[in-house]
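Reviewing the structure listed below.
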Amino acid sequence: MTALLPYGRHSVTEDDVAAVVAALRSDWLTTGPQVDAFEADLAGWTGGVACAAVANGTAALHVAYAAAGIGPGDEVVVPPMTFAATASTAVALGARVVFADVEEETYTLDPAAVAAAVTSRTRVVSAVDYAGHPADHDALRGVLAGTGALLLADAAHSIGATYHGRPVGSLADLTTFSFFPTKNLTTAEGGAVAALDPALLARARRFRNHGLVRDRAEQRWPDEGGWHQEVHEFGLNYRLPDVLCALGRSQLRRLGDFLAARERLVRRYDEALADLPGVRRPGRRSWARPAWHLYPIRVLDGRRREVYDRMRAAGIGVQVNYIPAHWHPVFADLGYRRGSCPVAEGFYAEQLSLPLYPGLTEADQERVVDALGAALRASTARAAA
Ligand SMILES: *Cc1c(COP(=O)(O)O)cnc(C)c1O
């Protein structure tokens, strides 16, 4: 019995281990010099847009929404084809989430659906760069022009991707990253926020650290004493430790290699699946250079569930990304209805993520393609549910 091939997996080298060990031996465990250095290195991937490192990708979204000032009475537009955190962190601040459907080819937020969803209460529109393919950020900006709403990019899948040659991190007012082990680089747990407006980044940094105000010039009672710090707005502890920032810096040195490996694997999948009936390969716009976090295929003719089960039984760790976010019981209980986002829901019914990570070998990939072909041949067509 061969081991299960996961759908995603980190790549950690001896250099990464040495970077972590060196940080552990330093005078700092949490906030120290590696944090500033990691943030500076990250900005090398965002076109120079400044970043704040945080505890994870969910914290990055929470921090970004808090920096945008959202609260009760505000609306945040989110695509359903995402992990729950894109929506739940807005709800945590008291906002109402409005789901807008995705585009048929890339499964990223559809600007026309956003235009229909925006109201006078819309404060943030969150585009998810699904599978690492950038959303159509310029078109989304066009829709938001004059509304006062901010554009947020949930770039948990897309660090290093480009849009019309411009890097992710420089496209939206706020961009959030995740460094979870399955993502394109890892700090174990970790994330970051990039912000075009320095005032937004300052608010993000403050929320990350309990809302503490240490600058005397900004304090209400600056003559309290040398120890004094104040909270003006509530924040939380979402700091990313020095030890993990050291890992992030070491990982960032290989991000270009990771992206090249993912591109190479995607090309091989594209070729291997070109003539396989019953599957549709992921789409890609001419203006995008995706970061390929996922390789999401569509399994046609109602065969997805059976193909998933058969591939799992064959030791291939395929995954489904994602159940439409508004289908989660917590949203269903709030009155959100199935059928409201037909493109995302139709995609979900057929979606399957094949294993994709830099350490995947050509032999592994052949195993995946063979198992997919066998599962398709063995399964029966069913009418769509
Ligand atoms: C992974 C992910 C997140 C959350 O990131 P964590 O680091 O796991 O908290 C948010 N949005 C999307 C689209 C993700 O894939």
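The values are calculated or read from the model by the stated rules, or taken from the named source; none is laboratory data. Quick caveat: nothing in here was measured; it's all calculated off a predicted structure. No Cβ is skipped: glycine too gets one built from the backbone with ideal geometry, and neighbour counts run over all protein chains shown.
For the subset of the stretch 47-69 comprising residues that are buried (at least 23 other Cβ atoms within 10 Å of the Cβ) and either at pLDDT below 95 or of a type outside the set (G, A, S) (or both), which member is farthest from A202 (Cα to Cα)? Here the answer is T58.
I need a count of the residues in the stretch 332-376 that are assigned to a helix (DSSP H, G or I), within 26 Å of A116 (Cβ to Cβ) and either within 16 Å of the ligand (Cβ to nearest atom) or among the acidic types (D, E) (or both). Please lay out each step first, then the result.
Taking the stretch 332-376 and keeping what is assigned to a helix (DSSP H, G or I), we get 332, 342-350, 362-376.
Filter again for within 26 Å of A116 (Cβ to Cβ), leaving 332, 342-350.
With either within 16 Å of the ligand (Cβ to nearest atom) or among the acidic types (D, E) (or both) added as a condition, the list becomes 344-345, 347-348, 350.
Residues meeting the conditions: 5.
Taking residues in the stretch 43-70 that are among the hydroxyl-bearing types (S, T, Y), and partners anywhere that are within 16 Å of the ligand (Cβ to nearest atom), the pairs with Cβ atoms closer than 6 Å and at least 6 places apart or on different chains are T46/G169; T46/A194; T58/A85; Y65/T89; Y65/A90; Y65/L93.
Of all the residues in the stretch 187-238, those that are surrounded by fewer than 19 Cβ atoms within 10 Å (Cβ to Cβ), within 16 Å of the ligand (Cβ to nearest atom) and part of a loop (DSSP other than H, G, I, E, B) number 3.
Just to verify a result, which residue in the stretch 107-132, among those that are touching a helix residue (DSSP H, G or I) at 6+ places or on another chain (Cβ under 9 Å), among the β-branched types (V, I, T) and surrounded by fewer than 23 Cβ atoms within 10 Å (Cβ to Cβ), is nearest to G339 (Cα to Cα)? Only one residue fits best here, namely V118.
Quick check on R285: is it touching a Ser or Thr at 6+ places or on another chain (Cβ under 9 Å) and in a loop (DSSP other than H, G, I, E, B)?
Details: touching a Ser or Thr at 6+ places or on another chain (Cβ under 9 Å): yes; in a loop (DSSP other than H, G, I, E, B): yes.
The answer is yes for R285.
Within the stretch 74-83, the presence of at least one residue that is away from the ligand (no atom under 16 Å from the Cβ), of a type outside the set (S, T, Y) and either surrounded by fewer than 24 Cβ atoms within 10 Å (Cβ to Cβ) or closer than 17 Å to Y322 by Cα (or both) is confirmed.
For the stretch 134-170, taking the residues that are of a type in the set (S, T, Y) and closer than 19 Å to L265 by Cβ, the one that is farthest from the ligand (Cβ to nearest atom) is identified as T162.
The single residue among A325, A314, A291 that is touching a helix residue (DSSP H, G or I) at 6+ places or on another chain (Cβ under 7 Å), under 30 Å from G256 (Cβ atoms) and of a type in the set (A, V, I, L, M, F, W, C) turns out to be A291.
Restricting A92, A100, A131 to those that are touching a strand residue (DSSP E or B) at 6+ places or on another chain (Cβ under 7 Å), more than 12 Å from the ligand (Cβ to nearest atom) and either under 13 Å from A156 (Cβ atoms) or of a type in the set (G, A, S) (or both) reduces the list to A100.
Considering the conditions (1) touching a residue at least 24 places away in the same chain (Cβ under 8 Å); (2) on the phi < 0 side of the Ramachandran plot; (3) among the acidic types (D, E), D275 is excluded by exactly one of them, (1). Taken over the stretch 47-67, the criterion of being away from the ligand (no atom under 12 Å from the Cβ) and closer than 25 Å to H164 by Cβ is satisfied by G47, G48, V49, A50, C51.
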